[in-house]
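Sharing a structure below in structure tokens format, with a few things to ask.
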Amino acid sequence: MKAESKKGLFILVFFIISSIRVFAQDQDIRDKELTVKLNQLMDSYQYSQACLLADHLLEKDSLNLELLILKGRALAADFKVQQAKDIFAKAYLLDSANTVTLFELVNACRQLGDFKQAISYCQKLVDIYPENSFFTIQLANLFYSTDDFRTTKEILLPFYRQDSMNSYVLKQLANSCNELLQVDSAVQFYEKYLDIVPYDAGITGKLTNLFIRKRNYEAGLCLTEMYLAHDSSNAGILKLNAYCSYLLKEYETAAQKFSKCIALGDESKFTSKYLGLSFYRQEIYDLAEPWLRQAYQADTADAEVCFYYGVSAYRSALTDTGIVYLEKTLNLLMPDPKFLNTLYIELAGAYSEYGQPDTALIILKSAFEDNPTNATLAFKIAYQYDYYLRKPSMALPYYKEFLRICPESEKQELNLPQQRSYYSFALNRVKEIIH
């Protein structure tokens, strides 16, 4: 009887273990099927559903690195970058050397604008895989995004020495040198890049602008003409080509090229301005006037355009218009008198503090000559003579002039302790100097 009981118990235990194994195997198969489905959802861009399924799977295995990465990617793709970063950070704690997790953190931080953290994670990738140029170039790009062009250049130069035909490295080196105002180096790298990728419109434009900055207009003209032989419809390159012709004083040619830009749909102020100026330089004022008017309407603060528009107008028999815009030019060039007086007073004060009260006095007197009704300037001159130069007799006539022209609104006493108005101070000083 005992033997039969043991045998029955053994059969029961075996049955339970077998059932558990079968259940575990079934569950494992089901989980694998769900993981496959999760990947299918990701591949079909159904990111919201993918997130829900990932959450379901993570309830059973919250430390599954693969599932965490998939959920993070789904969140990032669904524009929930901060949540994605949090998931990737959790995955990073599980395995701080995982390449996928680190690079996803780099991308998430970059999208969130946290470049300092992105650089930190990318630097870890470079430290783990120093031979992998992809990570190092990504690190250089991150420094470039933070305007640290010097570090970008330092990282990329070794790559250039190893492979001088890498067009991407050449372009980023050229851009960095350009931002660092290292014009000759930038020109060198841009030229090498264009030898490999000859019809890059963006780089052609940047190199042309550098030639213009160096006053090498012929080189700019030649470069843009080479590009236009390949694509004559690029208005941006045509505009630079026209500008080079203008700078070379080929005004008739420049006018023709700027007119082509207009025909291509270029409505920029730059094109209107220099098309107008190209006609102006040829003394064809009636053709210059409408384009300069259009340029002025695009930017009413441009004193140069306002001037040439005014001249072109009156020389095209639009005399009234010409006078109006030439007067506007004067208003644009001359600062507001109130601001100008404040500027003179502050400049004089700075010279006085610097130990040059004579220079300060010259500035104040010059300002007062231009604006003899300004009471504040009269007081400042008197005070300059009285306090800084110790010449009260020279200060006296300016104090009196201040009292004469001081507005009634400024003659009131200040109701503040230990403070006196300019008017009361001047009144007392006149009495003290006379006696």
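With (1) β-branched (Val, Ile, Thr); (2) crowded, with 17+ Cβ neighbours inside 10 Å; (3) within 18 Å of residue 128 (Cα to Cα) as the list, and residue 81 as the residue in question, which single condition is left unmet?
(3)
Any idea which residue in the stretch 203-240 is surrounded by the most Cβ atoms within 10 Å (Cβ to Cβ), counting only those that are among the hydroxyl-bearing types (Ser, Thr, Tyr) and farther than 18 Å from residue 181 by Cβ? Let's see the steps before the verdict.
Here is the first cut: in the stretch 203-240, the ones among the hydroxyl-bearing types (Ser, Thr, Tyr) are 204, 208, 217, 224, 227, 232-233.
Imposing the further condition that a residue be farther than 18 Å from residue 181 by Cβ reduces the set to 204, 217, 224, 227, 232-233.
On the way: 204: 25, 217: 19, 224: 27, 227: 24, 232: 11, 233: 10.
Residue satisfying both the conditions and the ranking: 224.
Inside the stretch 293-319, can you point out the residues that are closer than 10 Å to residue 273 by Cβ and within 29 Å of the chain's Cα centre (by Cα)? So that I can check it myself, show each step before the final result.
Let us first name the residues in the stretch 293-319 that are closer than 10 Å to residue 273 by Cβ, namely 294-296, 298-299, 302, 304-305, 308-309.
Listed by number, the residues that qualify are 294, 295, 296, 298, 299, 302, 304, 305.
Here is a further query. Going through 256, 188 one at a time, which residue ends up being closer than 30 Å to residue 163 by Cβ, out of contact with any helix residue (DSSP H, G or I) (no Cβ under 7 Å at 6 or more places or on another chain) and among the polar types (S, T, N, Q)?
On the way: 256 fails: closer than 30 Å to residue 163 by Cβ.
Unique residue meeting the criteria: 188.
Moving on to the next point. Counting only residues that are closer than 30 Å to residue 427 by Cα, give me the helices (runs of 4 or more DSSP H) lying completely in the stretch 271-385 with at least 3 of them.
Of the helices (runs of 4 or more DSSP H) lying wholly inside the stretch 271-385, those with at least 3 residues that are closer than 30 Å to residue 427 by Cα span 337-353, 357-370, 375-383.
Can I ask one more? Yes or no: residue 83 without any contact (Cβ under 8 Å) to a residue 12 or more places away in the chain and touching a helix residue (DSSP H, G or I) at 6+ places or on another chain (Cβ under 6 Å)? Walk me through it before giving the result.
Details: without any contact (Cβ under 8 Å) to a residue 12 or more places away in the chain: yes; touching a helix residue (DSSP H, G or I) at 6+ places or on another chain (Cβ under 6 Å): yes.
So residue 83 passes the test.
Taking the conditions exactly as written (under 21 Å from residue 54 (Cα atoms) and either hydroxyl-bearing (Ser, Thr, Tyr) or out of contact with any Pro (no Cβ under 8 Å at 6 or more places or on another chain) (or both)), does residue 137 satisfy them or not?
On the way: under 21 Å from residue 54 (Cα atoms): no; either hydroxyl-bearing (Ser, Thr, Tyr) or out of contact with any Pro (no Cβ under 8 Å at 6 or more places or on another chain) (or both): yes.
Judged against the criteria, residue 137 is not a match.
While we're looking at this one, here's another question. When only residues in the stretch 248-259 that are in contact (Cβ under 8 Å) with a residue 24 or more places away in the chain and crowded, with 17+ Cβ neighbours inside 10 Å count, which is nearest to residue 226 (Cα to Cα)?
Of the stretch 248-259, the ones in contact (Cβ under 8 Å) with a residue 24 or more places away in the chain are 248-249, 251-252, 254-255.
Subsequent filtering for residues that are crowded, with 17+ Cβ neighbours inside 10 Å retains 251, 254-255.
Details: 251: 21, 254: 17, 255: 20 Å.
Filtering the stretch 248-259 for residues that are in contact (Cβ under 8 Å) with a residue 24 or more places away in the chain and crowded, with 17+ Cβ neighbours inside 10 Å, the one nearest to residue 226 (Cα to Cα) comes out as 254.
May I pose another question? Out of the stretch 51-73, which residues are within 26 Å of residue 128 (Cβ to Cβ) and assigned to a helix (DSSP H, G or I)?
65, 66, 67, 68, 69, 70, 71, 72, 73
With of a type in the set (Gly, Ala, Ser) and either touching a residue at least 40 places away in the same chain (Cβ under 8 Å) or assigned to a helix (DSSP H, G or I) (or both) as the only criterion, which of 96, 120 stands out? Walk me through it before giving the result.
Details: 96 fails: either touching a residue at least 40 places away in the same chain (Cβ under 8 Å) or assigned to a helix (DSSP H, G or I) (or both).
Going through 96, 120 in turn, the sole match is 120.
Residue 212 - would you say it is closer than 24 Å to residue 291 by Cα, at pLDDT 95 or above and within 26 Å of the chain's Cα centre (by Cα)?
On the way: closer than 24 Å to residue 291 by Cα: yes; at pLDDT 95 or above: yes; within 26 Å of the chain's Cα centre (by Cα): yes.
In short, yes.
When you scan the stretch 335-346, do you find a residue that is hydroxyl-bearing (Ser, Thr, Tyr), within 30 Å of residue 262 (Cα to Cα) and surrounded by 13 or more Cβ atoms within 10 Å (Cβ to Cβ), even just one? Don't jump to the end; show me each part of the working.
Step one: filter the stretch 335-346 for residues hydroxyl-bearing (Ser, Thr, Tyr), giving 342, 344.
Remaining after also requiring within 30 Å of residue 262 (Cα to Cα): none.
No, the stretch 335-346 contains no residue that is hydroxyl-bearing (Ser, Thr, Tyr), within 30 Å of residue 262 (Cα to Cα) and surrounded by 13 or more Cβ atoms within 10 Å (Cβ to Cβ).
Listed here are the residues, each with its yes/no results for (1) among the charged types (D, E, K, R); (2) closer than 20 Å to residue 99 by Cβ; (3) crowded, with 17+ Cβ neighbours inside 10 Å; (4) in contact (Cβ under 8 Å) with a residue 60 or more places away in the chain.
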position: 51; (1), (2), (3), (4): no, no, yes, no
position: 56; (1), (2), (3), (4): no, no, no, no
position: 60; (1), (2), (3), (4): yes, no, no, no
position: 69; (1), (2), (3), (4): no, yes, yes, no
position: 72; (1), (2), (3), (4): no, yes, yes, no
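The values are calculated or read from the model by the stated rules, or taken from the named source; none is laboratory data. Computed from a predicted structure; not experimentally measured. Because the Cβ atoms are built from the backbone with ideal geometry, glycine has one as well, and the counts that use them run over all protein chains shown.
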